[in-house]
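Okay, so here's the structure we're looking at.
The values are calculated or read from the model by the stated rules, or taken from the named source; none is laboratory data. Keep in mind that this is a model prediction, so the values were computed, not measured. For neighbour counting, all protein chains shown are included, and Cβ atoms are generated from backbone atoms with ideal geometry for every residue, glycine included.
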Amino acid sequence: MFVAQREESNVTTATESSDSVLNKPKTILIADDSELVRTMIRKALERNTDFAVCGEAVDGTDAVSKARELSPDLIILDVRMPGLNGIEVAGILRYALPKIRIVLVTMYAQDIERNLTSLFRIDAVLAKAGGLDELTAHVTSLMADPLDIAIPDDALRIER
């Protein structure tokens, strides 16, 4: 005869479970081909926010793979990376993970086409020259806003 035993310490109620989900820190994935830049961003986020850096990616392909695996709340993408660039990654992730917040960082923020950022619903494009304080302020602001994942009717329309 099989007898099942239940230890009270292992029992989780629905209320406890939902509380732990609500108290779970929001997560961020950092994608940049420079280890120094990734480290600086990670340290700034850990020092200045309550968010958890769930991972780092060394190139665009790695960013897509890790984002799909980790499902972060927000991804910080360098525009110029080997393999897939940040804009290509944003395009892939916008449809694979529609709830993800996307922040592009680049030395060339003024050159990023507004059409591309609109098409892929990129939440922010920041110049690296703006510094880590600007980055953490934007990340904090984005994470505080309620997520609106409705896709505008014209977002998928192709103009001919």
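Among the residues of segment 77-110, just one is of a type in the set (Ser, Thr, Tyr) and closer than 17 Å to residue 58 by Cα, namely 106. Being among the aliphatic types (A, V, I, L, M), touching a strand residue (DSSP E or B) at 6+ places or on another chain (Cβ under 8 Å) and touching a residue at least 40 places away in the same chain (Cβ under 8 Å) is the filter here; which residues of segment 23-75 pass it? Correct list: 28, 29, 30, 31, 37, 41, 45, 70, 74, 75. Exactly one residue among 61, 117, 106, 140 is surrounded by fewer than 18 Cβ atoms within 10 Å (Cβ to Cβ), polar (S, T, N, Q) and at pLDDT below 90, and that residue is 117. Six or more apart or on different chains, Cβ under 8 Å: which pairs go from a residue in segment 93-113 that's of a type in the set (A, V, I, L, M, F, W, C) to one that's in a helix (DSSP H, G or I) and modelled with pLDDT under 80? Could you list them? Qualifying pairs under 8 Å: 104/117. Looking across segment 32-50, just one residue is surrounded by 15 or more Cβ atoms within 10 Å (Cβ to Cβ) and among the hydroxyl-bearing types (Ser, Thr, Tyr), and that is 49. Only strands (runs of 3 or more DSSP E) whose full extent lies in segment 21-103 are considered here, and the ones with at least 2 residues that are within 17 Å of residue 127 (Cα to Cα) are 27-31, 74-78.
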